[in-house]
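Student: For reference, the structure I am asking about is given below.
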Amino acid sequence: MLEQYLPFMGLIIFGNIENLILASQGVVGGVNPKILGGLSIAVVIIWLLIGFFATDVAMQYSNYITFIGGFAIFVLGLKSVIDALKHIRETKGSA
């Protein structure tokens, strides 16, 4: 049964990394942690519902979805690092 979900295993793992990246961007941006946590939980629940109800339809597009998801995670990670470096330079002088 789990074999049919293996094409999405990378997104499951990297989706958690993406959530951590977005949380770090929120912290650097000075967002209220309670609001950030609540929104994060809401988005995870929404994705869980989408995954539960739309997995059969999405299976034929799993390669495209994995590529787009991986690319989005890469871009968000890069943006997070750039923002963090800017923040460090602003607060401490230079990095």
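The values are calculated or read from the model by the stated rules, or taken from the named source; none is laboratory data. Since this is a predicted model, take the numbers as computed values, not measurements. Please note: Cβ atoms are built from the backbone with ideal geometry, for glycine as well, and neighbour counts cover all protein chains shown. Side chains are part of the model used for accessible areas, which takes the heavy atoms of the whole protein and leaves out ligands, DNA and RNA. Shrake-Rupley method; radii C 1.70, N 1.55, O 1.52, S 1.80 Å.
Student: With the condition kept exactly as written, say whether any residue in segment 28-49 is part of a helix (DSSP H, G or I), surrounded by 10 or more Cβ atoms within 10 Å (Cβ to Cβ) and modelled with pLDDT under 75.
Tutor: Looking through segment 28-49, at least one residue is part of a helix (DSSP H, G or I), surrounded by 10 or more Cβ atoms within 10 Å (Cβ to Cβ) and modelled with pLDDT under 75.
Student: Another one. Given the options ILE82, ILE88, name the one that is modelled with pLDDT of 85 or more, of a type outside the set (Phe, Trp, Tyr), more than 15 Å from ILE12 (Cα to Cα) and part of a helix (DSSP H, G or I). Steps first, please.
Tutor: Numbers: ILE88 fails: modelled with pLDDT of 85 or more.
Within the list ILE82, ILE88, the selection yields ILE82.
Student: Residue by residue through segment 50-71, note down the ones that are within 13 Å of the chain's Cα centre (by Cα) and either farther than 25 Å from GLN25 by Cα or open to solvent by 100 Å² or more (accessible area, probe 1.4 Å) (or both). Don't jump to the end; show me each part of the working.
Tutor: Restricting attention to segment 50-71, the residues satisfying the condition of being within 13 Å of the chain's Cα centre (by Cα) are 66, 68-71.
ILE68, PHE71 - these are the residues of segment 50-71 that are within 13 Å of the chain's Cα centre (by Cα) and either farther than 25 Å from GLN25 by Cα or open to solvent by 100 Å² or more (accessible area, probe 1.4 Å) (or both).
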